[in-house]
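Q: Here it is, the structure in full.
The values are calculated or read from the model by the stated rules, or taken from the named source; none is laboratory data. Here the structure is a predicted model, which is why all the values come from computation and not from measurement. Neighbour counts are summed over all protein chains in view; Cβ atoms, including those assigned to glycine, are modelled from backbone coordinates with ideal geometry.
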Amino acid sequence: MSPVRKTSSRGSARRGSNSAELLPERELRRIIDRVLHLAESTGADETEVHVDEVDDSLTRFANNAIHQNVAERGLTVSVRTVVDGRTARATTNRIDEDSLRGAIDASLSLAHSQPKNPQLLPMPGKQRYRSVNRFAKDTAALSPEDRARAVRRACDLAVKRGQVAAGIFASGSSQTAMGNSRGLFAAYRETHAEFSITMQESPAASWAKANAANVREFDPQRLAERASDKAHLATNARELPPGPYTVILEPSAVLDIVGFLFYDFAATALADKRSCLNDRMGKKIFDENISVVDDVYHPQQLGAPFDGEGMPRERVLLVDRGVPKNLVYSRASAKAAKEKATGHGFALPNEYGEAPMNLVFGGGEASLDEMIASTDRGLLVTRLWYIREVDPYEKIMTGMTRDGLFLVQKGKVTSAVRNFRFNQSLLEMLRNVEMLGPAVRATGEEAFEMVVPAMKVREFHFSEVTKF
Amino acid sequence: MWDLSAHALDTARLRGAKYADVRVMHLRQRDLTTKNGQVGTLAQSESIGLGIRVLARGGWGFASTDRLTREGVSACAAQAVSIAKASAIAKRKEVVMAKEEAYVDSWQSPFRKDPFEIPLETQLDLLLAADAEMRRVKGVTLTETDLQFRKIDSWFSSSIGSRIHQGKVISGCGIGATSFQGEEIQKRSYPNSFGGQHALQGYELVESLELIKNAPRVAEEAVALHAAAQCPQKTGTLILGGSQLGLQIHESVGHPIELDRVLGEEANFAGTSFLTLDKLNTLRYGSDIVNVVADARLEHGPGLGSFAYDDEGVPAQCTDIIKNGEFRGYLSNRETAHLVGLQRSSGTMRTESWNRLPIIRMTNISLLPGTWKSDDLIADTDDAILMETNRSWSIDDRRYQFQFSTEIGWEIKGGKKGRMLKNPSYSGITTEFWNSCDAICGADEWVLWGTPNCGKGQPMQTMGTGHGASPSRFRNIHIGAAFSKS
């Protein structure tokens, strides 16, 4: 499908003004080599360099008109040095030789100031990476006019239906490269596009959002129509008493709440005893129908095939049929646990270690309509909002429903419902999953993008109701 | 810097901009953390660049660049104009900006000790000593400390002739102890959770907070919470400590008064506000003793929302938000001021960095002190729960219904502070909550708390805000809902 009408003006704003294509990979390698060369004469035992470049644009609209429209271009160079078992990082966005020397000196000065760290590992040497292709030229070249026209069509739809539209249409490209004095070099680039829309039919509202590496993978106008239809359905909301309800969570609602589990699978979180999986690994704590992998190579995922230390990312089975099986490891946490690094480490130095960032849940066969049809009494939830952790071990999360909550009775959506606050243990929720939809790439606002299914969950606990 | 800014403004004007403003910003940051007696993060960063906002053909455009050459700046300004003209494709009305004077000024936030000049060894020694003090306590399973320092220089210029340089020094620090025991994780933090206290001050802030002295208490309380009674679920009297009340102000007053939210400009992301325009000067927001101001002036204190001019070139001001319980004012900018009958912006446009657009932001949103003393307040209270130090916060997208939980609670019985309570939480509806306030402690206990991590806008911007508060009492509050199933 074609999300935006391409015209002869496509990309003209980029080529004709400040915005330019990302630097070629060889230029990033040249900056890295330059820093490594400069660091050789400083007394650093080892040096690591990250170069990150972004070229992003975002068109924002509200009240059926564009009110903010921005573009950003920038490049940063981040230097980590090691001297006598001590390490530190300094970052600059200037690439003249004095600034690069300044970053090396700052890193060394910080490193010298601390006690020796006996656990600090030597930097890794050269690695091999699987290639991934997540760069779409059309997406990188999307112009302000392209985005504005798509926004105009969505706003016109709102006006035609007596509604008010607000949202964003963003697009851009980014790249990262890293190298170190032991010969490691890694580079990755991607494009990204995102469309999010809220349609308001006062006092109701609904929402739809998509993002992808390639803007052709979603259609802004279809998203606008979906949000518009649901906003109309969401009017005349009735108030129901709080309590336990069967809920049908659309994929974005699932994403935003289960996203809070990701750091619990970090080996460092378990070592620090702040994970809800402490004393629970290998035990069946979720339903049989819950399996989760971390997989940066999944076709619906984005991200680099290497981590902050330059280690290749591996696919890791985190949950197998309800049982948490494996954790992810940085090099340091792997050594401490006598395991193998999985390529999930953050750039050093840091105190958090690692995390899985590309979660993929196993899905099922049930469509949303089938979930609704199978429900005698329950609630259909479009999305969840302002989710925060109330209890870190029982993983009780609180938050609100938002932008479309609907009562399901005898297999049909019968009315809109006022928004609820929930206080719900995630562990319990994933024990109460009755049906799963196909896993899809979902996007929300509380967690990073994942591949998750819609879920029908029994006894989801709503504690209070708000006024709309 | 001024030459580059002038060149950007000239380019924008020649390309057709009716209005333009430029910010060159140089940001420096240092982060130090420890965990379990080891150095965690040790990092320093700097970033310098230019952002230009223009109004052309009635549409807004913004572009930013790190290429600080005449060519780079010129291209950036041209791009901003091009984007503004694209915005006009989906335009519904003309932009009206409130009148503002042109200012030429230079301002530096006051500080006594430059944190970037304090030896790193001294800073790390402090953190490691506090970390060691916490680890002495049996039962503590995780200790964390942090220091963060920032220096921000900005050079603002606009097509109405303003040229303003501002320099800020910001410091922050905190410590935390966590204890995992049985099937429970408990944590205590000092002086506040989620990074501690932050202010527009130098290293003197860190020295004043006595991290090492407070470390043993923090650790002991984290362990003691395991044996404490569960906070009951009931409707009753609540006393909030100052830092928790600061966050309550942030969420249930600060955000709903942002005029961009009220006008629907944040509807897709942060949400809207229950404070529709008809509520101004008609809504009873709180009880008679509730007085809230938005005060960006330095005389309010060294808050994260203190400055001399906002990022639209408007001088810092003090605005009544709630006066004797009545709702009196919003946070506005030059574009929205006229919509609430103001002749002038209230000066709340702020940007995170050179590569972000200024948006309406909280400054220092503070509950003015009352007349009580904490000891008298407790002695005057027959049955209540005192809650301190935030653990979680959540509020709906129109800022009506909220729920907060705190790290620790204390039972108040017969005018005395009694046993410790774990897992405290409370919830309510914003205006009902503020109307239930019947006692506010005085200036001696009033602290201008810093919230360094307020997220808003797309692309997301993180901003520091200030919230002055002293311990206060609230009646008929719903307590304990967060754990209502357990």
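Q: Going through segment A:32-69 one residue at a time, which ones are in contact with a helix residue (DSSP H, G or I) (Cβ under 8 Å, 6 or more places away or on another chain), farther than 30 Å from A:GLU201 by Cα and crowded, with 17+ Cβ neighbours inside 10 Å?
A: A:VAL35, A:LEU38, A:ALA39, A:ALA44, A:THR47, A:VAL49, A:VAL51, A:GLU53, A:ASP55
Q: Please go through segment B:433-486 and give me each residue that is among the charged types (D, E, K, R) and within 24 Å of B:ASP260 (Cα to Cα), ordered by number. Give the derivation first.
A: First, the residues of segment B:433-486 that are among the charged types (D, E, K, R): B:438, B:444-445, B:456, B:473, B:475, B:485.
Hit for segment B:433-486 is B:LYS456, nothing else.
Q: Go over the candidates B:SER193, B:SER189, B:SER208, B:SER179 one by one and state the one that is surrounded by fewer than 23 Cβ atoms within 10 Å (Cβ to Cβ) and within 14 Å of another protein chain (Cβ to nearest Cβ).
A: Details: B:SER189 fails: surrounded by fewer than 23 Cβ atoms within 10 Å (Cβ to Cβ); B:SER208 fails: within 14 Å of another protein chain (Cβ to nearest Cβ); B:SER179 fails: surrounded by fewer than 23 Cβ atoms within 10 Å (Cβ to Cβ).
Result of the check over B:SER193, B:SER189, B:SER208, B:SER179: B:SER193.
Q: Let me ask you something else. Out of B:PHE62, B:PHE116, report the one residue that is touching a Leu at 6+ places or on another chain (Cβ under 9 Å) and within 12 Å of another protein chain (Cβ to nearest Cβ). Talk me through it step by step, then tell me what you get.
A: Numbers: B:PHE116 fails: touching a Leu at 6+ places or on another chain (Cβ under 9 Å).
Selected residue: B:PHE62, the only one of B:PHE62, B:PHE116 that is touching a Leu at 6+ places or on another chain (Cβ under 9 Å) and within 12 Å of another protein chain (Cβ to nearest Cβ).
Yes/no per residue for (1) more than 10 Å from chain A (Cβ to nearest Cβ); (2) under 21 Å from the mean Cα position of the chain (by Cα); (3) touching a residue at least 24 places away in the same chain (Cβ under 8 Å):
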| site | (1), (2), (3) |
| --- | --- |
| B:ASN423 | no, no, yes |
| B:SER436 | yes, no, yes |
| B:ALA439 | yes, no, yes |
| B:GLY442 | yes, no, yes |
| B:LEU448 | yes, yes, yes |
| B:ASN453 | yes, yes, yes |
| B:LYS456 | yes, yes, yes |
| B:PRO459 | no, yes, yes |
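Q: For segment B:313-360, give me each residue that is in contact with a strand residue (DSSP E or B) (Cβ under 7 Å, 6 or more places away or on another chain), within 14 Å of chain A (Cβ to nearest Cβ) and either under 14 Å from B:ASP295 (Cβ atoms) or not in a strand (DSSP E or B) (or both).
A: Answer for segment B:313-360, where residues must be in contact with a strand residue (DSSP E or B) (Cβ under 7 Å, 6 or more places away or on another chain), within 14 Å of chain A (Cβ to nearest Cβ) and either under 14 Å from B:ASP295 (Cβ atoms) or not in a strand (DSSP E or B) (or both): B:ASN333, B:THR351, B:GLU352, B:SER353, B:TRP354, B:ASN355, B:ARG356, B:LEU357, B:PRO358.
Q: For segment B:136-250, give me every one of the strands (runs of 3 or more DSSP E) that falls completely inside it and has 1 or more residues that are in contact (Cβ under 8 Å) with a residue 60 or more places away in the chain, under 20 Å from B:GLU117 (Cα atoms) and aliphatic (A, V, I, L, M).
A: On the way: elements: B:142-158, B:163-181, B:184-190, B:197-199, B:234-240.
Ranges flagged: B:142-158, B:163-181, B:197-199.
Q: Additional query: When you go through (1) within 14 Å of another protein chain (Cβ to nearest Cβ); (2) outside any loop (DSSP other than H, G, I, E, B); (3) under 30 Å from A:THR47 (Cβ atoms); (4) not basic (Lys, Arg) one by one for A:LEU384, which number turns out not to apply?
A: (3)
Q: I've got another one for you. Just the residues that are more than 29 Å from A:ARG149 (Cβ to Cβ) and either modelled with pLDDT under 95 or outside any strand (DSSP E or B) (or both), please, taken from segment B:44-66.
A: The one that is more than 29 Å from A:ARG149 (Cβ to Cβ) and either modelled with pLDDT under 95 or outside any strand (DSSP E or B) (or both): B:ASP66.
Q: May I ask you to list the residues in segment A:431-468 that are of a type in the set (D, E, K, R) and either within 14 Å of chain B (Cβ to nearest Cβ) or surrounded by fewer than 21 Cβ atoms within 10 Å (Cβ to Cβ) (or both)? Lay out the reasoning, then the answer.
A: As a first pass, look at segment A:431-468 and keep what is of a type in the set (D, E, K, R): A:431, A:434, A:441, A:445-446, A:449, A:456, A:458-459, A:464, A:467.
Residues satisfying the conditions are A:ARG431, A:GLU434, A:GLU445, A:GLU446, A:ARG458, A:GLU459, A:GLU464, A:LYS467.
Q: When you scan segment B:283-302, do you find a residue that is in contact with a His (Cβ under 7 Å, 6 or more places away or on another chain), assigned by TED's automatic domain parsing to the domain that holds B:SER436 and buried (at least 19 other Cβ atoms within 10 Å of the Cβ), even just one?
A: Restricting attention to segment B:283-302, the residues satisfying the condition of being in contact with a His (Cβ under 7 Å, 6 or more places away or on another chain) are none.
No, segment B:283-302 contains no residue that is in contact with a His (Cβ under 7 Å, 6 or more places away or on another chain), assigned by TED's automatic domain parsing to the domain that holds B:SER436 and buried (at least 19 other Cβ atoms within 10 Å of the Cβ).
Q: Looking at B:ARG112, B:ARG92, can you tell me which residue is in the same structural domain as B:ALA43 (by TED's automatic domain parsing), without any contact (Cβ under 8 Å) to a residue 24 or more places away in the chain, in a loop (DSSP other than H, G, I, E, B) and surrounded by fewer than 19 Cβ atoms within 10 Å (Cβ to Cβ)?
A: Working: B:ARG112 fails: without any contact (Cβ under 8 Å) to a residue 24 or more places away in the chain.
It is B:ARG92.
Q: Are there any pairs with C-beta distances below 7 angstrom linking a residue in segment B:56-68 that is surrounded by fewer than 24 Cβ atoms within 10 Å (Cβ to Cβ) to a residue that is in a loop (DSSP other than H, G, I, E, B), with the two at least 6 apart or on different chains, and if so which?
A: The qualifying pairs are B:GLY58/B:LYS91; B:GLY58/B:GLU94; B:GLY58/B:VAL95; B:ASP66/A:ASN93.
Q: Sticking with this one: Check whether at least one residue in segment B:327-349 is touching a Pro at 6+ places or on another chain (Cβ under 7 Å), surrounded by 21 or more Cβ atoms within 10 Å (Cβ to Cβ) and aliphatic (A, V, I, L, M), and report yes or no.
A: Residues of segment B:327-349 that are touching a Pro at 6+ places or on another chain (Cβ under 7 Å), as a first pass: B:347, B:349.
Filter once more, keeping what is surrounded by 21 or more Cβ atoms within 10 Å (Cβ to Cβ): B:347, B:349.
When the remaining residues are screened for being aliphatic (A, V, I, L, M), the result is B:349.
Yes, segment B:327-349 contains at least one residue that is touching a Pro at 6+ places or on another chain (Cβ under 7 Å), surrounded by 21 or more Cβ atoms within 10 Å (Cβ to Cβ) and aliphatic (A, V, I, L, M).
Q: Out of B:GLY409, B:GLY455, B:GLY464, B:GLY370, I need the residue that is within 27 Å of B:ASP311 (Cβ to Cβ) and either surrounded by 20 or more Cβ atoms within 10 Å (Cβ to Cβ) or not assigned by TED's automatic domain parsing to the domain that holds B:LEU247 (or both). Which one? Talk me through it step by step, then tell me what you get.
A: On the way: B:GLY409 fails: within 27 Å of B:ASP311 (Cβ to Cβ); B:GLY455 fails: either surrounded by 20 or more Cβ atoms within 10 Å (Cβ to Cβ) or not assigned by TED's automatic domain parsing to the domain that holds B:LEU247 (or both); B:GLY370 fails: within 27 Å of B:ASP311 (Cβ to Cβ).
B:GLY464 is the lone residue from the list that is within 27 Å of B:ASP311 (Cβ to Cβ) and either surrounded by 20 or more Cβ atoms within 10 Å (Cβ to Cβ) or not assigned by TED's automatic domain parsing to the domain that holds B:LEU247 (or both).
Q: Does A:SER17 satisfy the condition of being within 23 Å of B:ASN355 (Cα to Cα) and either modelled with pLDDT under 95 or touching a Pro at 6+ places or on another chain (Cβ under 9 Å) (or both)?
A: On the way: within 23 Å of B:ASN355 (Cα to Cα): yes; either modelled with pLDDT under 95 or touching a Pro at 6+ places or on another chain (Cβ under 9 Å) (or both): yes.
Spelling it out, A:SER17 is indeed within 23 Å of B:ASN355 (Cα to Cα) and either modelled with pLDDT under 95 or touching a Pro at 6+ places or on another chain (Cβ under 9 Å) (or both).
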